[in-house]
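> Submitted below is the structure of interest, expressed as structure tokens.
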Amino acid sequence: AVVTGKGGRAGTLVLELLDDAGRPLARQSKDTGGAIHAGEIVTLAADLPADAPLWTPDTPHLLTARLSLLDGDRVLDRVEPRFGLRQIEIRGPHFYLNGRRLFLRGYGDDHIYVKELARPSDKALHLARLKLIKSYGFNFVRHHSNIMPPEYYEAADAVGMFVSAEHPIAYENFYTKAGPAAIETHKREFTAAILQLRNHPSIFDWCMGNEFWNGLPLGADFAAIARRLDPTRPFVDSDGLFQ
């Protein structure tokens, strides 16, 4: 946790881990030992039981990490992010999820919203659309050159839909026009997206962009960023290619 605001107050941090029915799985607390200062990073960990429910497209169990800052019995601040437990592995040509072979049944989404015109930040809309799509048998979606709003991934977490999070760089001829400032912007925004979204179990991989037939010099930088900030997922340097 990173403390924001003015800080300067002593307190107790309490971390509670709850299952998707709200039942407690683990709890840990930590006395701050004095005033917490703004910008300070405070680490608190709690061990989940071995039988904690796992997230899959068929059983999208979501847990809650309730982190509270207390002054005695009074709650000064609280956040309750949801997350899922799952492990993605690549063994040869095969994907494995939680130790079992996984077959991705995917489709492409060019994020066309005729009525809304732009990508909506409406979780209910995304839930309805993803439930319908999943009823057709899909469990994976690739968004063309686009990282969706957080509400989309919240819906995908709940429905059980894997998503490829693809940074919006498209086609080599556009990239060749990018100057140093644009390159730094790409790296900054890719970093920010991973930090913001990496707790979503629905995100299957981080992708640099679309149709780079000859690769991009930026690929090594993007791979390093992804592997440093989120080594639990595959990194793809380009999508939209065929053999």
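> Give me the number: length gained by fully extending GLN196 to ARG66, i.e. 0.36 nm times residue separation minus the C-alpha to C-alpha distance, one decimal in nm.
45.1 nm
> Among the chymotrypsin sites (Phe, Trp or Tyr not before Pro) within region 136-166, which fall in a DSSP loop and have no more than 10 other Cβ atoms within 10 Å of their own Cβ?
Passing sites in region 136-166 are TYR136.
> Let me ask another. What is the ratio of the Cα radius of gyration of the chain to 2.2 N^0.38 Å, where N is its residue count, to two decimals?
Taking the Cα Rg and dividing by 2.2 N^0.38 Å, one obtains 1.13.
> Another question, if that's okay. What whole-number value in cubic angstrom gives the convex hull volume per residue for the C-alpha atoms of region 115-158?
Cα convex hull per residue, to the nearest whole number: 85 Å³.
> Please report the relative contact order for region 94-243, taking Cα pairs under 8 Å with a sequence separation of at least 6, and give it as a percent rounded to a whole number.
20
> Out of LEU44, GLY84, THR59, whose Cα points farthest toward the positive end of the dipole of region 39-101 (charges: +1 Lys, Arg; -1 Asp, Glu; placed on Cβ)?
Positive-most Cα among the choices belongs to THR59.
> Under 16 Å from a label point 7 Å along Cα→Cβ of LEU241: give me every residue in region 118-158 with its amide N that close.
The answer is 145.
> Could you tell me which chymotrypsin sites (Phe, Trp or Tyr not before Pro) in region 20-107 are loop residues by DSSP with no more than 10 other beta carbons within 10 angstrom of their beta carbon?
PHE103
> Could you check the spin-label model distance between ARG188 and ILE112? Points 7 Å from the Cα along Cα→Cβ, value in nm.
For ARG188 paired with ILE112, the spin-label model returns 3.4 nm.
> Turning to a different aspect of this structure: Of the beta bridges DSSP finds with both residues in the chain, what % are antiparallel, to the nearest 5?
Close to 70 percent.
> Bin width 5 Å, origin at 0, all Cα-Cα pairs of region 92-139: what percent of pairs per bin?
Calculated over all Cα pairs of region 92-139, the distribution is 5, 15, 21, 20, 16, 11, 8, 5, 1 percent.
> Another question, then. If each of ASN214 and PHE174 carries a label point 7 Å out from its Cα toward its Cβ, how far apart are those two points in nm?
Distance between the two pseudo-spin positions: 1.9 nm.
> Moving to a separate point now. Have a look at LEU63, LEU102, LEU18 and tell me which one the Gaussian network model of the chain (Cα, springs below 10 Å) gives the largest fluctuation.
Checking each option, the largest mean-square fluctuation is seen for LEU102.
> Any idea how far the Cα center of region 95-154 sits from the one of region 165-212, in Å?
18
> Which residue fluctuates most in the GNM of the chain (Cα springs below 10 Å): ASN173, ASN98, ASN146?
ASN173
> Please list the non-local residues whose amide H lies under 5 Å from the amide H of ALA170, H modeled 1.01 Å from N, same-chain partners needing a gap of 5 or more.
ASN210
> Once every Cα of region 116-212 carries one equal point scatterer and solvent is ignored, give the base-10 log of I(q)/I(0) from the Debye formula at q = 0.11, 0.14 Å⁻¹, two decimals.
Listed by q, the Debye log ratios stand at -0.36, -0.56.
> For ASP77, list long-range residues whose amide hydrogen, built 1.01 Å from N in the peptide plane, is under 5 Å from its own amide hydrogen.
Distant-sequence amide H within range of ASP77: LEU69.
> Now for a different question. At a Förster distance of 30 Å, what's the computed FRET efficiency of HIS94 paired with ALA26, Cβ-Cβ distance as r, to 0.05?
It comes to 0.40.
Since every read-out is calculated from the coordinates, none of them should be taken as a lab result. Every value quoted in this text rests on a predicted model; they were computed, and no experiment measured them. Every residue, glycine as well, gets a Cβ built from its backbone with ideal geometry; the counts of neighbours run over all protein chains shown.
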